[in-house]
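A short worksheet on the structure shown next.
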Amino acid sequence: MCGRYASSRRPEDLVEEFEVVDNRVPAPLAADYNVAPTKEVYAVLERPPRTVEGSEAVDGASRQLRVLRWGLVPSWAKDPSIGNRMINARMETVAEKPAYKRAFAKRRCLLPADGYFEWYPTSEQTTSGKPRKQPFFIRPQDHGTLAMAGLYEIWRDPTRDDDDPERFRWTCTVLTTQAEDSLGHIHDRMPLMVERDRWAQWLDPTASGQDRLDLLVPAAPGNLEAYPVSPLVSNVRNNGPELVEPLPLDESPA
């Protein structure tokens, strides 16, 4: 599962790194070290080719940087609140699940992240008697950008007029898979990463989702590092770079 992540890159840096040709970000998002479901996030995607009105010319697919809401709302949904619990899609069933299969077929994206958080139950107990959970931050060894595999959807709000700029809601979800061995002791699921040389293939809106399954692989063992961080991250109201700082050795869990 991926329920929280960090995203501090500037849009201009993402435009350069992901070779975006169409920046659709209306205003930069603030650096967010505690990205939670329903928040706005950056997404890299490609829109399908379209015929230019009044001409036989066809615009090619364009790679865009957009701001989407985390929590996918299927186009057929009656109530957009369904997105609150659709933050992850399992790789093993994404091609068949009604909520995701349309997006997987044609609306794939990349969700840039600094890293993501997982919680590991410790031997200590809280005042309620439940195991205390220690948060860990998981990021690339080289501190580069994680390109998490995602899907996006465009939901039409039937309560808004056709000329209302807010009538379409763009939302997304993170694809997950079985965690690789070195991380599996923290949590059994992890986000799927898309390697740089496979970005174009993954984003290609003219290719079927079924053909893209072979691109989805867990991060290679050793490419990610995990370390304990402050429990402050467990409260979504907390935000700041201190949330991704390693705990001092004397505060680290045994």
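The values are calculated or read from the model by the stated rules, or taken from the named source; none is laboratory data. Being a predicted model, the structure only gives us computed values, none of them experimental. A quick note on method: Cβ atoms are made from the backbone with ideal geometry, for glycine too, and the neighbour counts reach across all protein chains shown.
Structure notes:
- Qualifying residue in region 161-173 (condition: without any contact (Cβ under 8 Å) to a residue 60 or more places away in the chain, aromatic (Phe, Trp, Tyr) and farther than 27 Å from Glu245 by Cβ): yes
- Matching residues in region 193-241 - criterion: being surrounded by 14 or more Cβ atoms within 10 Å (Cβ to Cβ), closer than 20 Å to Tyr100 by Cβ and modelled with pLDDT under 75: Gly209, Leu216, Val217, Pro218
- Looking across Arg139, Arg107, Arg132, Arg102, one residue alone is of a type in the set (Lys, Arg), modelled with pLDDT under 90 and more than 18 Å from Asp214 (Cβ to Cβ). It is Arg132.
- Taking the criterion of being out of contact with any helix residue (DSSP H, G or I) (no Cβ under 7 Å at 6 or more places or on another chain) and within 30 Å of Ala105 (Cβ to Cβ), the residues of region 120-160 that qualify are Pro140, Gly144, Leu146, Met148, Gly150, Ile154, Arg156, Asp157, Pro158, Thr159, Arg160.
- Filtered residue count, region 109-152, keeping only those that are touching a residue at least 60 places away in the same chain (Cβ under 8 Å), among the acidic types (Asp, Glu) and more than 20 Å from Leu29 (Cβ to Cβ): 1
- Among the residues making up region 24-77, those that are among the aromatic types (Phe, Trp, Tyr) and modelled with pLDDT of 95 or more are Tyr33, Tyr42, Trp70.
- Across region 189-199, the qualifying residues are those that are outside any loop (DSSP other than H, G, I, E, B) and in contact with a helix residue (DSSP H, G or I) (Cβ under 8 Å, 6 or more places away or on another chain), and the one among them that is farthest from Thr93 (Cα to Cα) is Arg198.
- Filtered residues of region 137-152 (kept if buried (at least 23 other Cβ atoms within 10 Å of the Cβ) and either part of a loop (DSSP other than H, G, I, E, B) or of a type in the set (Phe, Trp, Tyr) (or both)): Phe137
- Among residues of region 215-240 being within 19 Å of the chain's Cα centre (by Cα) and not in a loop (DSSP other than H, G, I, E, B), the one that is nearest to Ser7 (Cα to Cα) is Val233.
- Among the residues listed as Trp202, Trp170, Trp119, Trp155, the single one being in a helix (DSSP H, G or I) and under 22 Å from the mean Cα position of the chain (by Cα): Trp202
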